[in-house]
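Note sheet for the following structure.
The values are calculated or read from the model by the stated rules, or taken from the named source; none is laboratory data. Treat the numbers as computed from the prediction; the structure is a model and nothing was measured. Every residue, glycine among them, receives a Cβ derived from its backbone with ideal geometry; neighbour counts consider all protein chains shown. Note: areas computed on protein heavy atoms with side chains; ligands, DNA, RNA excluded. Shrake-Rupley method; radii C 1.70, N 1.55, O 1.52, S 1.80 Å.
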Amino acid sequence: MRFEHVLLALLSYRPRSGYDLRKWVETEGQFVRSRAHHSQIYRLLARMVADGWVTYEVDPREGRPDAKVYRLTPLGRDVLLEWVHSPYEPPSRFQDVDFMARFQFAASLDAAAAIRLVETELAYRRAQIAENRHRDRTLRFEDALPELDQEFAQRVGDEMHAYGAASVDRWVEWLEGMLALLNDRREKGSSR
């Protein structure tokens with residue numbers, strides 16, 4: 001995922017200034033994108049203007065600097081939808097930033113694309129669980145440091161596995177709920 005895709009998706013909701021985009025990243029977007037410095041956002045917006053993905057109008061502000069308010073162009077819309085429809089390759093770590101960003105925006109732009117995304121993620125996580133849930137997790141030690149508490153290392157490893165397994169199970173449960181929500185929406189006749 002490129003940060004430009006997140007910015008395009010935000011602009012698909014409504015026109016926004018660079019300041020508005022930065023505020024979103026710092027609040028609602030913190031689970032989709034790590035902090036971004038305002039200079040990065042403005043550099044990307046300038047490049048997106050040059051590439052023809054967005055345009056802007058100057059909004060005069062009394063007593064403050066004027067603001068550029070950005071909006072999608074038809075080419076920007078195409079780039080956004082191309083990303084929404086592009087293949088998704090799940091990484092080994094669940095709750096990946098690319099998945100979260102794609103899902104957040106695909107769910108409201110194209111239900112069928114969001115369903116494919118969730119089904120891909122669910123299939124990968126279920127296979128991951130089937131392959132790893134019951135594997136032998138006994139730690140093997142050889143020439144270990146004398147300071148290493150081997151029994152405690154095993155206990156910590158077992159606790160981490162239990163926590164990770166519960167987290168993945170909760171993730172799968174959430175994905176199943178989102179899939180049901182998307183399918184319900186599609187059955188009620190809203191393809192978007």
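Name the longest site-free stretch of the chain, where the excluded sites are GluC sites (Glu not before Pro) in a DSSP loop with no more than 16 other beta-carbon atoms within 10 Å.
That would be 63-141.
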Quiz prompt | Ellipticity estimate at 222 nm from DSSP helix runs (n ≥ 4, -39,500 (n - 2.57)) divided over the chain, nearest 500 | solution = -20500 deg cm²/dmol
Exercise. Search the structure for amide H atoms under 5 Å from the amide H of ALA67, placed 1.01 Å from N in the peptide plane, and list their residues when 5 or more places away or on another chain.
Key: ASP59, ARG61
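Trypsin sites (Lys or Arg not before Pro), restricted to segment 1-92: which are DSSP loop and have at most 13 other Cβ atoms within 10 Å?
Those satisfying the criteria are ARG2, ARG35, ARG61.
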Quiz item: Which percent of Cα pairs goes in each bin when the distances of the chain are cut into 10 angstrom slices starting at zero?
Solution: 8, 27, 26, 19, 12, 6, 2, 0
Quiz prompt | Qualifying trypsin sites (Lys or Arg not before Pro) for segment 101-182 [loop in DSSP, other Cβ within 10 Å: at most 12] | solution = ARG133, ARG135, ARG137, ARG140
Quiz item: Over what distance in Å are the Cα centres of segment 52-131 and segment 138-192 separated?
Solution: 24
Practice problem: Starting from the amide H of VAL54, placed 1.01 Å from N in the peptide plane, find each other amide H under 5 Å away whose residue is 5 or more places distant or on another chain. | Solution: VAL49, THR73
Quiz item: Ordered by residue, what ³J(HN,Hα) values in Hz, to whole numbers, does segment 148-153 give under the Karplus form 6.51 cos²θ - 1.76 cosθ + 1.60, where θ = phi - 60° and Gly and Pro are x?
Solution: 6, 8, 5, 5, 5, 4
Exercise. Using a 1.4 angstrom probe on heavy atoms only, work out the carbon and sulfur share of the accessible area of segment 113-192 in %.
Key: 53
